[in-house]
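Q: Sharing a structure, written as structure tokens. Questions coming.
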Amino acid sequence: MKEFKFTIDGKQYNAAVNELEDNFAEVTLNGKTYKVELEKEEAPAAAVRRPAAAAASAAAAPAGLMTVKSPLPGSIVKVLVKAGQAVKKGDVLLTMESMKMENNVTAEADGTVKAIYVEPGKNVMQDDKLLDLETAAAAAAPAAAPAPKAAPAPKAEAPKPAAPKAADVPAGGYKVTSPLPGSIIKVLVSEGQDVKKGDTLLTLESMKMENAVMADRDGKVTKIAVTAGQNVMQEDLLLILG
């Protein structure tokens, strides 16, 4: 069973997903259980048409093949690559919506897209296959490793300030809190700025995904509680809208 906690409009939700047999799962939301039918991915057509004589070689995945899986349950918004396309580490492969956030799924290494298992509008569960990447390392012959050098002494880093909890902030205004633990990548607004519902306020990295935190309502930014590079926990205060 997989459990999740998230906050929408200041209200906390507890969800648990228990996958059953025959494409069904039990989803419990705040104590109420629902039985839902899941859409399972079909095997790629190329695998179905593979001759029996090639079955032995097909059983083992080629060296350097990386399967990109969904880090969260959600819905595919856009697929930005196609089979055969070369990508670089950090390139956005697709975007998905989860917990009212658009999340960018990025490549963890240079490589070539070998297979795509999803399309826009498809719902996925955590750990469902999204696509396969043949990494660049698979095509290159391994080079002789140089003799290891002594590592320099690590430099001491000043601790990053912790984000304040929403409960520590004086009452007034609408508090935007972090839906997930992670690290702030960029703050896209400034204090005193007017924003509209759906505007992106900041981006944070969580579970190797870039997550866009958007405004749930129109308002004015009256306080920003975080800075780029700062680590936050779930429900830490990000900013306040007046």
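The values are calculated or read from the model by the stated rules, or taken from the named source; none is laboratory data. Only a predicted model underlies this, so the values are computations on that prediction, with no experimental measurement involved. With ideal geometry, Cβ positions are generated from the backbone for all residues, glycine too; neighbour counts draw on all protein chains shown. Accessible surface is based on the protein model in full, side chains and every heavy atom, while ligands, DNA and RNA are left aside. Shrake-Rupley method; radii C 1.70, N 1.55, O 1.52, S 1.80 Å.
Q: Considering only protein heavy atoms, with the full assembly of protein chains and a 1.4 angstrom probe, order ASP199, ASP236 by accessible area, largest first. Intermediate values should be presented prior to the final figure.
A: Numbers: ASP199 60, ASP236 5 Å².
If we order ASP199, ASP236 from most to least accessible, we get ASP199, ASP236.
Q: Strictly over 23 Å apart at the Cα level, which of LYS2/LYS114; LYS35/LYS78; LYS35/LYS122; LYS100/LYS129; LYS35/LYS175 would you flag in this model?
A: Values: LYS2/LYS114 29 Å; LYS35/LYS78 28 Å; LYS35/LYS122 19 Å; LYS100/LYS129 21 Å; LYS35/LYS175 34 Å.
The answer is LYS2/LYS114; LYS35/LYS78; LYS35/LYS175.
Q: Using the heavy atoms of the protein chains and a 1.4 angstrom probe, tell me the accessible area per residue for the range 76-137 in square angstrom.
A: Numbers: 3010 Å² over 62 residues.
Per-residue value: 49 Å².
Q: Same structure again: Rounded to the nearest percent, how much of the accessible area of the range 182-242 (1.4 Å probe, protein heavy atoms only) is carbon and sulfur?
A: Details: 1410 of 2900 Å².
For the range 182-242, the apolar C and S fraction of the accessible surface comes to 48 percent.
Q: All other residues with a Cβ under 9 Å from the Cβ of MET96 taken together, and with Lys, Arg as +1 and Asp, Glu as -1, what is their net charge? Intermediate results must be reported in sequence, preceding the final value.
A: Values: positive: LYS78; negative: GLU97, GLU102.
With Lys, Arg at +1 and Asp, Glu at -1, the net is -1.
Q: In addition: Over the range 176-242, give the accessible area per residue in Å² for a 1.4 Å probe, as an integer. It would help to have the intermediate numbers written out before the result.
A: Values: 3050 Å² over 67 residues.
Per-residue value: 45 Å².
Q: Continuing with the same structure: Would you mind putting 122-130, 173-181 in packing order, based on average other-beta-carbon counts within 10 Å, highest first?
A: Working: 122-130: 16.9, 173-181: 19.6.
Answer by packing, highest mean first, reads 173-181, 122-130.
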